[in-house]
Amino acid sequence: MRLAAIRIWLPAAIAVAGVILLVLGGDAARGAGIVLIGVAALVVLANLFMRLALSSERDREREDAQRGYYSRRGRWPDEPDR
């Protein structure tokens, strides 16, 4: 639940605040609204990059386990027995 709040609700709330400032505010508030919408986009991108980095780490761990299997048995895990 906490991760969904950070990934989804935090940037959504920031973007909504930015849209409200764009619609209801004066010149300075419109500028702040544009900045807030940009910040929401950056939060989404940061979350995306973190998820990509974590999935890449899992791929490396899986490959390392397969290489260990190869070192012990002399064949890859998906190869049939000889």
Worksheet item: Which value, in nm² and rounded to one decimal, describes the direction-averaged projected area of the C-alpha convex hull of the chain?
Response: 7.7 nm²
Worksheet item: Dipole size in debye (nearest 20) for the chain around its Cα centre, Lys and Arg Cβ +1, Asp and Glu Cβ -1?
Response: 220 debye
Worksheet entry | On Cα atoms only, tilt of 27-73 relative to the major axis of the chain in degrees | 0 degrees
Practice prompt. Report the one residue of Asn47, Ser71, Val35 whose Cα lies farthest in the direction of the positive end of the charge dipole of the chain (charges on C-beta: Lys and Arg +1, Asp and Glu -1; origin at the Cα centre).
Written response: Ser71
Discussion item. Please compute the contact order of the chain in relative form: average sequence separation of alpha-carbon pairs under 8 Å and at least six residues apart, divided by the residue count, as a percent.
Written reply: 22 percent
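Throughout, read-outs are computed from the coordinates displayed, never taken from laboratory work. Worth saying up front: this structure is predicted, and the values here are computed from it rather than measured. Glycine also receives a Cβ, built like all others from the backbone with ideal geometry; neighbour counts cover every protein chain displayed.
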